[in-house]
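Structure record follows, encoded as structure tokens.
Computed from the coordinates by the stated procedures, all read-outs in this text should not be read as laboratory data. This one's a predicted model, so the numbers in the text were calculated from it and none came from an experiment. With ideal geometry, Cβ positions are generated from the backbone for all residues, glycine too; neighbour counts draw on all protein chains shown.
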Amino acid sequence: MENKSAEHLKSLEKLVAALKILGYNFTNFECSKIQRIVFQKLVYALQRAGGFSLGYNYNLYINGPYCPSLADDGYFITRNQIDSDSFKFSQTGLVKIANAKAFLAENTLDSDWLETICTLDYLYTFASYRDDKEKLYDKFRELKPHLCSQERLDRALIQIQSLHLA
């Protein structure tokens, strides 16, 4: 087993437990790019909408917000079969997970939706497109032409704006 601190291992157990509640399963993590995309976006949502302090910093990458150290942790989790069965969330922790799930509009395993909402949120929050919907959408379309459903973008923006108003 790769050398990780006891504190980091506990953090990974917490992460796995939260992802299980969201319906994520690590079974196909290593062989499925879609599963790795879903993993990245669920953790993004846990931090942004759930308010978990997991310590992952994202940058904008091919499939939306991406964190290299989180990718490393995902492989570590699968290769070392990190178990979360003994981890119990407080009521506050469960509310945070519910907030992340609500932000994602319950679509916790739809990779296209997750990539759309997380990328749009990243642009809205960190790339100064908050004040101009058309510029926000134009930038999104430039980055993700394959995900440019107007209905999906509008739905995602409503979710994002509700997060920022909370």
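When the stretch 118-166 is filtered for residues that are acidic (Asp, Glu) and more than 21 Å from CYS67 (Cβ to Cβ), the ones remaining, listed by number, are ASP131, ASP132, GLU134, ASP138, GLU142, GLU151, ASP154.
Evaluate the following for ALA17: is it more than 16 Å from ILE77 (Cα to Cα), of a type in the set (A, V, I, L, M, F, W, C) and surrounded by 15 or more Cβ atoms within 10 Å (Cβ to Cβ)? It is false that ALA17 is more than 16 Å from ILE77 (Cα to Cα), of a type in the set (A, V, I, L, M, F, W, C) and surrounded by 15 or more Cβ atoms within 10 Å (Cβ to Cβ).
For the stretch 24-42, the count of residues that are assigned to a helix (DSSP H, G or I), touching a residue at least 60 places away in the same chain (Cβ under 8 Å) and basic (Lys, Arg) is nonzero. When the residues of the stretch 66-79 are filtered to those that are touching a residue at least 12 places away in the same chain (Cβ under 8 Å) and under 15 Å from the mean Cα position of the chain (by Cα), the one that is farthest from HIS146 (Cα to Cα) is ASP73.
Restricting the search to the stretch 80-97, which residues are surrounded by fewer than 14 Cβ atoms within 10 Å (Cβ to Cβ) and either farther than 21 Å from THR27 by Cβ or within 16 Å of the chain's Cα centre (by Cα) (or both)? Correct list: LYS88, SER90, GLN91, THR92, LEU94, VAL95.
In the stretch 108-135, the qualifying residues are those that are assigned to a helix (DSSP H, G or I) and over 20 Å from the mean Cα position of the chain (by Cα), and the one that is surrounded by the fewest Cβ atoms within 10 Å (Cβ to Cβ) is GLU134.
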